[in-house]
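The values are calculated or read from the model by the stated rules, or taken from the named source; none is laboratory data. Computed from a predicted structure; not experimentally measured. Reconstructed Cβ throughout: ideal geometry from the backbone, glycine too, with neighbour counts over all protein chains shown.
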Amino acid sequence: MKINKKNISDRKSEHVKLCLTDTVSYKKSNGFDYYCFIHFAATDIEINKISLTQKLFNKTIEYPFFISCMTGGYNGSLKINSELAKLASILNIPVGVGSQRQVLENDSFKDTYKIIRENNKNGLVFGNIGVPQIVNTEKPIELIKRLVDTIEADAMVIHVNPLQELFQAEGELNFHGFLNKLNKITSKIKTPIIIKEVGSGINYNSAKLFLESGARGIDVAGAGGTSWSKVEIERNKSSVPEFWGEWGLRTSYCVRTVAALKKEFNFTLMASGGINNSLDFAKSIALGADLAGSARLILKNIVEKGIDETKNMLLLWMEDLKKIMFLTGSKNLKELRNGKIIKAEDLF
Ligand SMILES: Cc1cc2nc3c(=O)[nH]c(=O)nc-3n(C[C@H](O)[C@H](O)[C@H](O)COP(=O)(O)O)c2cc1C
């Protein structure tokens, strides 16, 4: 089927509208409620000396938090991306655009993506495209280069979303040959490639295949936050068994298991999927993530409360993170990742 400009724009707009409601969340948790920090009474940490900065893809970021890929490609997305970029620039944190597929089809909405770079000149910016677009092209290297150039992306995110495609009326189910194309891309392009899910999670074996094919980052985007099968089921008004809306691997499981691959591969582990408060944010790092991010929570806050309030919320998260590091005896993020969290059942 030839997907026209209107189809994609309408879909992008419907996604944002639905994500501003609360009907699209998983009922099940992201799994971090199964963990507790180990309170360390003998702490020797000077809380004011804790630094949260780190190097990522050749840039320095202020905090271990990123704004996950969301939108672009329809009129209303210009304002949203403009504000997300301003927020990212003020905090000096990474920000991603939503799928740049529109850029491949026509020039109408280029500005809605470019604004991410215009409002965030020196920041770390992620481009975004889906597996079907990679699989369906004979020229994956040229495709990625074009998308990187449009927004001067520091890294390119490729989303793997088989569950979402399955329930999307316009869904494309051809994922065959992706790893082969990924290998070609990573061997020819210097821009780092990050592989992410959209809320159903990436397990150990999948992550290993992506890393063996040259990916430099894995964003597990696990279950417990936005359910993309629920989004598409809502859009189609289709009636399917309820378990489909709950399908997926919890974020905590994905982070904990994929972190084990750090022994074998040098890569950036990103935690997302229902990271909606400072405690889960800190727990995701303690379980092994280099940084954690949110999508829907940030969208809702930017649209409903504006840049300042969203910024203040995130700054409070960073204060909470430092307090947790103080209380667990972690002088830096590396120490926080070293045995500072246990399964809640082990505390009894
Ligand atoms: C409105 C909206 C649009 C999204 N569009 C994209 C997209 O185009 N590409 C992508 O990789 N992920 C997209 N996502 C998925 C998010 O990046 C994220 O992986 C997912 O929503 C889980 O995170 P959350 O629970 O914090 O929302 C979108 C999320 C939202 C809320």
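Residue-by-condition table, conditions (1) at negative phi; (2) of a type in the set (S, T, N, Q):
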residue	(1), (2)
157	yes, no
169	yes, no
174	yes, yes
183	yes, yes
212	yes, no
224	no, no
242	yes, no
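Under 6 Å between Cβ atoms, at least 6 apart or on separate chains: pull out the pairs that start in the stretch 42-69 with a residue that is touching a residue at least 40 places away in the same chain (Cβ under 8 Å) and farther than 13 Å from residue 291 by Cβ and end on any residue that is small (Gly, Ala, Ser) and within 16 Å of the ligand (Cβ to nearest atom).
Matching pairs, first to second residue: 69/96; 69/98.
Which condition from (1) over 14 Å from the mean Cα position of the chain (by Cα); (2) within 14 Å of the ligand (Cβ to nearest atom) is the one that residue 225 breaks?
Every listed condition holds for residue 225 apart from (1).
Exactly one of (1) more than 16 Å from the ligand (Cβ to nearest atom); (2) at pLDDT below 95 is unmet by residue 109. Its number?
Status for residue 109: all satisfied but (1).
For the stretch 294-307, does any single residue satisfy the condition of being more than 16 Å from the ligand (Cβ to nearest atom), outside any loop (DSSP other than H, G, I, E, B) and touching a residue at least 60 places away in the same chain (Cβ under 8 Å)?
Looking through the stretch 294-307, at least one residue is more than 16 Å from the ligand (Cβ to nearest atom), outside any loop (DSSP other than H, G, I, E, B) and touching a residue at least 60 places away in the same chain (Cβ under 8 Å).
Taking the residues in the stretch 248-275 that are crowded, with 19+ Cβ neighbours inside 10 Å and either free of Cβ contacts under 8 Å to residues at least 24 places away in the same chain or assigned to a loop (DSSP other than H, G, I, E, B) (or both) as candidates, determine which candidate is nearest to the chain's Cα centre (by Cα).
272
Could you tell me which of the residues 321, 291 is of a type outside the set (Gly, Ala, Ser), buried (at least 22 other Cβ atoms within 10 Å of the Cβ), away from the ligand (no atom under 13 Å from the Cβ) and under 14 Å from residue 68 (Cβ atoms)?
Only one candidate qualifies: 291.
Please give the number of the condition residue 230 fails out of (1) of a type in the set (Lys, Arg); (2) in a helix (DSSP H, G or I); (3) surrounded by fewer than 19 Cβ atoms within 10 Å (Cβ to Cβ).
Just one mismatch for residue 230, condition (3).
Within the stretch 121-141, can one find any residue that is in contact with a Pro (Cβ under 9 Å, 6 or more places away or on another chain), away from the ligand (no atom under 16 Å from the Cβ), at pLDDT 95 or above and more than 19 Å from residue 11 (Cβ to Cβ)?
yes
Any chance the stretch 10-26 includes a residue that's more than 20 Å from residue 290 (Cα to Cα), without any contact (Cβ under 8 Å) to a residue 60 or more places away in the chain and of a type in the set (Gly, Ala, Ser)?
no
Among the numbered criteria (1) more than 26 Å from residue 109 (Cβ to Cβ); (2) within 15 Å of the ligand (Cβ to nearest atom); (3) surrounded by fewer than 19 Cβ atoms within 10 Å (Cβ to Cβ), which one does residue 170 miss?
It fails just one condition, (1).
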